[in-house]
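The values are calculated or read from the model by the stated rules, or taken from the named source; none is laboratory data. All values derive from a computational prediction rather than experimental measurement. Neighbour counts run over all protein chains shown; Cβ positions are idealised from the backbone, glycine included. Only protein heavy atoms, including side chains, enter the accessible area calculation; ligands, DNA and RNA are left aside. Shrake-Rupley method; radii C 1.70, N 1.55, O 1.52, S 1.80 Å.
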Amino acid sequence: MALSEQFIEDETHPIDIVETLAEHHDWDFDRIADDQIAMAVVGQWRTYSITLAWSDFDETLRMICTFEMDPPAEKLPALYQALNLINDACWSGTFTWWTAQKLMVFRYGLVQSGGQVASAEQIDTIIAAAVQNAERYYPAFQLVAYGDQPPEQALQVAIAEAYGRA
């Protein structure tokens, strides 16, 4: 059965769908409010904190996926350059650095104007894309912040693909 078949979508709040997905994937979650949920999703490199919030005002489901970093202050210009290069490579969603919270953030907004309803597949896809992008670019962020790699070289690590079989 498709994920969306579990819902009567025109009557289901997007955060209710997210909660059901979190239960389905066995993710730790906390329903913060009727319109907001926070989850922990385990990746290869990190456990990512993912928060989704629904805004009735602008009919948007906002998602942020974060992980902690504490780069040295002198590395911030290179980190910002890496962010620009990485964001150019991301088709949907964007990374940003929240200095005060020491968090790397991947953000995405799913606009559902005109009374549209997000499907379970859409929501599952944006969560998966956030984790995939965080996993893909995490090594590049680390190489720039702590490994003295220039952003262009660090990004090559993230976009390189292995070929063949081991």
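Over all directions, what mean area does the Cα convex hull of the chain project, stated in square nanometres? Mind dumping the intermediate values first?
Details: hull surface 47.2 nm².
Hull-based average projected area comes out at 11.8 nm².
Summarise the accessible area of segment 10-166 (1.4 Å probe, protein heavy atoms) by the percent that is carbon and sulfur. Please list the in-between numbers first.
Details: 4250 of 8690 Å².
The computed percentage sits at 49.
Within segment 58-166, report the GluC sites (Glu not before Pro) that DSSP leaves as loop and that have at most 13 other Cβ atoms within 10 Å. Provide the component values of the computation, followed by the final result.
Numbers: sites: GLU59, GLU68, GLU74, GLU121, GLU135, GLU152, GLU161; in loops: GLU59, GLU161.
Listed in order of number, the matching sites are GLU161.
Using 1/(1 + (r/R0)^6) with R0 = 25 angstrom and r between the beta carbons of GLU23 and SER49, what's the FRET efficiency to the nearest 0.05? Mind dumping the intermediate values first?
Values: r = 18 Å, r/R0 = 0.71.
The calculated FRET efficiency here is 0.90.
How many nm separate the modelled label positions at PHE57 and ASP30, each set 7 Å beyond the Cα in the direction of the Cβ?
2.4
What residues have an amide H closer than 5 Å to that of GLU59, excluding those fewer than 5 places away on the same chain, when H is modeled at 1.01 Å from N in the peptide plane?
Under 5 Å from the amide H of GLU59: no residue qualifies.
How large is the helix-only mean residue ellipticity at 222 nm for the chain, computed as the sum of -39500 (n - 2.57) over DSSP H runs with n ≥ 4, divided by its residue count, in deg cm²/dmol to the nearest 500?
Working: 4 runs with 62 residues, N = 166.
Mean residue ellipticity at 222 nm (helix-derived): -12500 deg cm²/dmol.
So which chymotrypsin sites (Phe, Trp or Tyr not before Pro) in segment 29-117 pass both tests, a DSSP loop state and at most 11 other Cβ atoms within 10 Å of the Cβ?
Numbers: sites: PHE29, TRP45, TYR48, TRP54, PHE57, PHE67, TYR80, TRP91, PHE95, TRP97, TRP98, PHE106, TYR108; in loops: TRP45, PHE57, TRP91.
Taking segment 29-117 and a limit of 11 other Cβ atoms within 10 Å, the loop chymotrypsin sites (Phe, Trp or Tyr not before Pro) found are PHE57, TRP91.
Run the numbers for THR125 and GLN101: contour at 0.36 nm per residue of separation, minus the present Cα-Cα distance, in nm.
Details: separation 24, 0.36 × 24 = 8.64 nm, distance 2.67 nm.
Length difference between fully extended and current span is 6.0 nm.
Let's see if you can work this out: charge +1 on each Lys and Arg Cβ, -1 on each Asp and Glu Cβ, no other charges. What is the dipole magnitude of the chain about its Cα centre, in debye to the nearest 20? Display every interim value, and only then the final one.
Values: 8 positive and 25 negative charges, 189 e Å.
In total the dipole reaches around 900 debye.
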